[in-house]
Amino acid sequence: MNAMERDVNAESQPIPVSRKPKQSGIQQRLKKTEKFAYNLCKSMLSLKRFNRFLRILGPGLVTGAADDDPSGIATYSQAGAGYGLGLLWAFPLMYPFLLAVQESCSRIGAITGKGLAAVIKEHYSKKLLYMSVGLVVIANTINIGADLGAMAETTRLFVNAPFALLAIFYAVVVVLLVIFVNYKTYAKLLKWLAIALLSYPVTAFIVGQDWPEVFRHTFTLTPQINFETMYIFVGVIGTTISPYLFFWDTSEVVEEEIAKHNRSKIGELPKPTKRFLHNLRIDNFVGMTLASMTAWFIVIACASTLYKSGITEIDTAADAARALEPLVRNFPNSGFVAKLIFSVGVIGLGLLAVPVLAGSSSYAISEALGLKEGLYRKFRKAKGFYAIIILAALSGLGMNFIGLDPIKALIFAAVFNCIAAVPLLFMIAKVGNNESIMGEYKNGPVSNVFVRTAFGIMTVAVLVLFYSFFRG
């Protein structure tokens, strides 16, 4: 046989296939165990990452939850009931401005180690200080009164008790909780009550939406220049970008740094790490995004229920609660259940927001007067600070004894917040861009554009509101 024939025969032979030795039952079970252990470790790592993410969330999330307070719920509900989908365009317009303003406030607190009023006091004139503090205190007092009134009015859906007695009850409860319960613990518990706000997006999906139409209204500017529309539009802006959030967020970031041992007390030289500032931005992004999305869904839910049913004016808490009836229409006593869900949201968020409002006023006044401040301090260590919180709550309570309609007062509080926010936004832009205060962490070009544009848009909105009012 020649060499060529040997090669042909070799090629025609089948190639031997290597076979894995057959695994025993024990080996197979071991492999399954290894796979299970691997998947378990992977799940635990994912859970660990999620828990780490939750730990990042702090002042920004609380601020975002407080942003959808009873005043916010009432204003967004009226926007949906009165104008259907017609004001949805306001939310994508406001969203980047809300993010930029709150991020700037947080950064001011993180870098200076002081609240907003303390920074203004140190670097600007007394006139600017007293104007800033006066505006936020007046706005907060009106908002506290409106929120306490809403909580009392909502409770009357179930309890046959005098309005004044219920308002006093909630004011006392808030004061006692702030003094005797650590606010961090208190806020963690109340944030769960904010879950009731998920009922609005669920309702929006249950009712069914023409989503292309919803998104068309969301991303198409359709402003109307008349007093009624401008009043609600200014209220929507004011309850979203509110003065109390500026002062509260700035001071709470400092307290968060103290809790994380980045500093030992308010006013101490800053030691912010890049990670802390990164986490701060995530916290703000999550809090403000949730607040904006919730507000958007409240308008959609009320537009697809109240507006379509011909209820274009919300006069009572019962009217507002009707927006949730489709959610529970198959339940026995669906009207009662809808009122219950609405009440849990309003009362829970009211108990969360009123301390934020009163605390915001107290931070501003305490910093202006040089008093010891901070919710991390016990009552005996900061009596002046807590006394101002008590006075703020009682002053707001007094608003309910001058004959104001509780629902109308909520919307008025939102409108006044927008008016008061205009000069305060000017101050935030000024402080955030001051290199002698912020150093290398001063506002960047993008932040400057958004904060200043927010100031410009809110100024124009307020001026148009006044113009349309006097024009009649």
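General remarks:
- Apart from one condition, VAL337 fits all of (1) touching a helix residue (DSSP H, G or I) at 6+ places or on another chain (Cβ under 8 Å); (2) touching a residue at least 60 places away in the same chain (Cβ under 8 Å); (3) part of a helix (DSSP H, G or I); the exception is (2).
- LEU99 being more than 30 Å from VAL173 (Cβ to Cβ) and at pLDDT below 95: yes
- Members of segment 157-201 that are farther than 27 Å from PHE385 by Cα, in a helix (DSSP H, G or I) and modelled with pLDDT of 90 or more: PHE163
- Yes/no for ILE388 being crowded, with 23+ Cβ neighbours inside 10 Å and either within 19 Å of VAL254 (Cβ to Cβ) or modelled with pLDDT under 90 (or both): yes
- Criterion: assigned to a helix (DSSP H, G or I), crowded, with 24+ Cβ neighbours inside 10 Å and over 24 Å from the mean Cα position of the chain (by Cα) - qualifying residue of SER362, SER366: SER366
- Scope segment 276-304; condition modelled with pLDDT of 90 or more and β-branched (Val, Ile, Thr); matching residues: ILE298, VAL299, ILE300
- Test: residue in segment 239-252 that is over 25 Å from the mean Cα position of the chain (by Cα) and modelled with pLDDT under 95: no
- Verdict on ILE225 being modelled with pLDDT of 75 or more, in a loop (DSSP other than H, G, I, E, B) and surrounded by fewer than 24 Cβ atoms within 10 Å (Cβ to Cβ): yes
- Criterion violated by ALA353 - all others in (1) in contact with a Pro (Cβ under 8 Å, 6 or more places away or on another chain); (2) at pLDDT 90 or above satisfied: (2)
- Of the residues making up segment 406-421, those that are surrounded by 22 or more Cβ atoms within 10 Å (Cβ to Cβ) and of a type in the set (A, V, I, L, M) are ILE407, ALA409, LEU410, ILE411, ALA413, ALA414, VAL415, ALA420, ALA421.
- Cβ-Cβ distances below 6 Å connect the following pairs, each with a first residue in segment 374-399 that is outside any loop (DSSP other than H, G, I, E, B), a second residue that is charged (D, E, K, R), and a separation of six or more residues or different chains: PHE385/GLU373.
- Test: residue in segment 408-427 that is among the aliphatic types (A, V, I, L, M), free of Cβ contacts under 8 Å to residues at least 40 places away in the same chain and over 17 Å from TRP248 (Cα atoms): no
The values are calculated or read from the model by the stated rules, or taken from the named source; none is laboratory data. Because the structure is predicted, anything quoted here is derived from the model rather than measured. Counting neighbours? That spans all protein chains shown, and the Cβs are built from the backbone with ideal geometry, glycine included.
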